[in-house]
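See structure below.
The values are calculated or read from the model by the stated rules, or taken from the named source; none is laboratory data. The structure displayed is predicted, hence computed values, not measured ones. Counting neighbours? That spans all protein chains shown, and the Cβs are built from the backbone with ideal geometry, glycine included. To get the accessible areas, we keep the full protein, side chains included, count just its heavy atoms, and leave off ligands, DNA and RNA. Shrake-Rupley method; radii C 1.70, N 1.55, O 1.52, S 1.80 Å.
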Amino acid sequence: MTEWFEEWFGEEYLQLYPHRDDAEAERAVALILSRVGFAPGWRVLDVACGAGRHARAFEAAGARCTGIDLSAALLRLARGITGMPLVRADMRALPIRSASMDLTVNLFTSFGYFEHDDEHATALAEMVATVRPKGWFVIDFLNAAAVRSRLVPTETQRLNGTPVEIERSVSSDGRYVCKTIRTGHGRFSERVRLFGAEEIETMLGTAGVTVRERYGDYDAARLTSDSPRTILLGQAP
């Protein structure tokens, strides 16, 4: 059975989220690089790289970047803006040599998509395993508390002039935020696990990474329950 994230992440997805632009990606990358002791030539792995906006910012800073994503459509777009190696793969089984990266990242809520938490733990372990000793892993995730408190149940956007109806809810068990998008081409669903920062930090610890810094936005604000993001910077032993 096809999982929702195997079908949704294409060009319509990008058109619905135009605020996810290059400037935002550059801010996220600048924050990360300023905190991890980056030097030009570092090997960076961008897991769930999407259309390549973060990878392009890493490349501009002098990194040797590799991108991985499951969406063939997004990888085609990434090939148009970056010369980095691109690999189509599932984050639960990364085809990357262990301890080969100076920095591995998973940015802008490209996590939490699976049905079972052991799959999420496996994905984090796969990503962490790519990091060299004393290297870094960074995850940039939603803030579950803020999502719950600010949830907008319904709204209408426009895609190429056509109305797009969006419905949001928290699952009955409180574990997922669910979104239904109705466009002129059909109905799509998203479901993201509402992990708190402590839960992610625990999984990272089990995978072998110690979280050194925590931020709530791309300007390095302290992480609080009201923060728009959950950004955790972890270091391998």
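The table below gives the values:
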{"read-out": "Subset of segment 221-237 that is among the hydrophobic types (A, V, I, L, M, F, W, C) and under 23 Å from residue 131 (Cα atoms) - its residue that is farthest from the chain's Cα centre (by Cα)", "value": "236"}
{"read-out": "One residue from 190, 198 being over 20 Å from residue 37 (Cα atoms), open to solvent by 30 Å² or more (accessible area, probe 1.4 Å) and acidic (Asp, Glu)", "value": "198"}
{"read-out": "Test: residue 26 is modelled with pLDDT of 95 or more, open to solvent by 50 Å² or more (accessible area, probe 1.4 Å) and either within 30 Å of residue 183 (Cβ to Cβ) or assigned to a strand (DSSP E or B) (or both)", "value": "yes"}
{"read-out": "Pair list, Cβ under 6 Å, 6 or more apart: segment 123-147 residue without any contact (Cβ under 8 Å) to a residue 60 or more places away in the chain and of a type in the set (Val, Ile, Thr), other residue crowded, with 17+ Cβ neighbours inside 10 Å and not in a strand (DSSP E or B)", "value": "none"}
{"read-out": "Failed item, numbered, when residue 54 is tested on (1) in a strand (DSSP E or B); (2) touching a helix residue (DSSP H, G or I) at 6+ places or on another chain (Cβ under 7 Å)", "value": "(1)"}
{"read-out": "Qualifying position, being closer than 17 Å to residue 232 by Cβ and of a type in the set (A, V, I, L, M), among 73, 121", "value": "121"}
{"read-out": "Positions within segment 178-187 being assigned to a strand (DSSP E or B) and either aliphatic (A, V, I, L, M) or open to solvent by 50 Å² or more (accessible area, probe 1.4 Å) (or both), in sequence order", "value": "181, 182, 187"}
{"read-out": "Qualifying residue in segment 205-219 (condition: in contact with a Phe, Trp or Tyr (Cβ under 8 Å, 6 or more places away or on another chain), open to solvent by 20 Å² or more (accessible area, probe 1.4 Å) and not acidic (Asp, Glu))", "value": "no"}
{"read-out": "Hey, residue 161 on the phi > 0 side of the Ramachandran plot, modelled with pLDDT under 85 and not aliphatic (A, V, I, L, M) or not", "value": "yes"}
